[in-house]
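The values are calculated or read from the model by the stated rules, or taken from the named source; none is laboratory data. The structure displayed is predicted, hence computed values, not measured ones. Here the Cβ positions follow ideal geometry from the backbone for every residue, glycine too, while neighbour counts run over all protein chains shown.
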Amino acid sequence: MTFTVAIDGPAAAGKGTLSRAVAAHFGFAHLDTGALYRAVGVKGGDPVEAARSLAPEDLARDDLRTLEAGQAASRVAVIPEVRQALLEFQRAFARRAGGAVLDGRDIGTVICPEAEVKLFVTASPEVRAHRRWLEVGGDEGKVLAEVRERDARDMNRADAPLKPAADAVILDTSALSIEEAVARAITLIAAARG
Ligand code: C5P
């Protein structure tokens, strides 16, 4: 059985937590596609070469979740050859037996337009920055500026810009607890599985 859940949305909208919870609930495999771009961004050297030669140890680095890695990821993510190099791995993951959840920016629009369920998870920039600040600490104003900068770059790039697929369900988590957001996602997915 193949069954793909595509979860897209801007930085720090809660996609990761939601995706992990949904994958655990249904027993699906989960791929955090942002980690691929983060790993390319922090690897250094030629980003296209880094994307083509990405290895499991690159994804096991412990500095992938930093603000700097997020910025580096969004800079390499505008390069079409980098996106192309990461495409087949993501598509194959999506169609693996047993079901898969992929979270990112272009899963419902480019990677898996045929996904059985597409969610676009969002929240206001202030709410997202606050959540990210709880994770990384430091100056909250700087975290908000970083979130806005990354949103602008992700939404305005020419190749696979961040936007909801026409048939995506929008889940605004600004006023939802993680439990409420997970419950809504589970209801939608259970309905689609029939
Ligand atoms: O989701 P995360 O914050 O880890 O993603 C880091 C960056 O990687 C994003 O800001 C975006 O530029 C890029 N990305 C992307 N397409 C994806 C996932 C992430 O362009 N599917």
Taking the stretch 165-177 and keeping only residues that are under 14 Å from GLY9 (Cβ atoms) and either in contact with a Gly (Cβ under 8 Å, 6 or more places away or on another chain) or not polar (S, T, N, Q) (or both), one is left with ALA165, ALA168, VAL169, ILE170, LEU171, ASP172, THR173, LEU176
Could you please give the count of residues in the stretch 123-161 that are of a type in the set (S, T, N, Q) and touching a residue at least 12 places away in the same chain (Cβ under 8 Å)?
-> 1
Residue check: is ALA21 among the small types (Gly, Ala, Ser), more than 26 Å from ALA129 (Cβ to Cβ) and in contact with a helix residue (DSSP H, G or I) (Cβ under 8 Å, 6 or more places away or on another chain)?
-> no
Among the helices (runs of 4 or more DSSP H) lying completely within the stretch 111-194, list those that include at least 2 residues that are of a type in the set (Gly, Ala, Ser) and within 17 Å of SER19 (Cβ to Cβ).
-> 178-193
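If a residue has to be among the aliphatic types (A, V, I, L, M) and within 17 Å of SER177 (Cα to Cα) to count, how many in the stretch 12-51 make the cut?
5
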Those residues that are of a type in the set (D, E, K, R) and more than 20 Å from TYR37 (Cβ to Cβ), I need them from the stretch 132-154; list them, please.
-> ASP139, GLU140, LYS142
Residues ALA24, ALA6, ALA35: which one is within 13 Å of the ligand (Cβ to nearest atom), of a type in the set (Gly, Ala, Ser), farther than 20 Å from ARG150 by Cα and not in a loop (DSSP other than H, G, I, E, B)?
-> ALA6
Scanning the stretch 28-73 residue by residue, the ones that are under 30 Å from ILE186 (Cα atoms), polar (S, T, N, Q) and modelled with pLDDT of 95 or more total 1
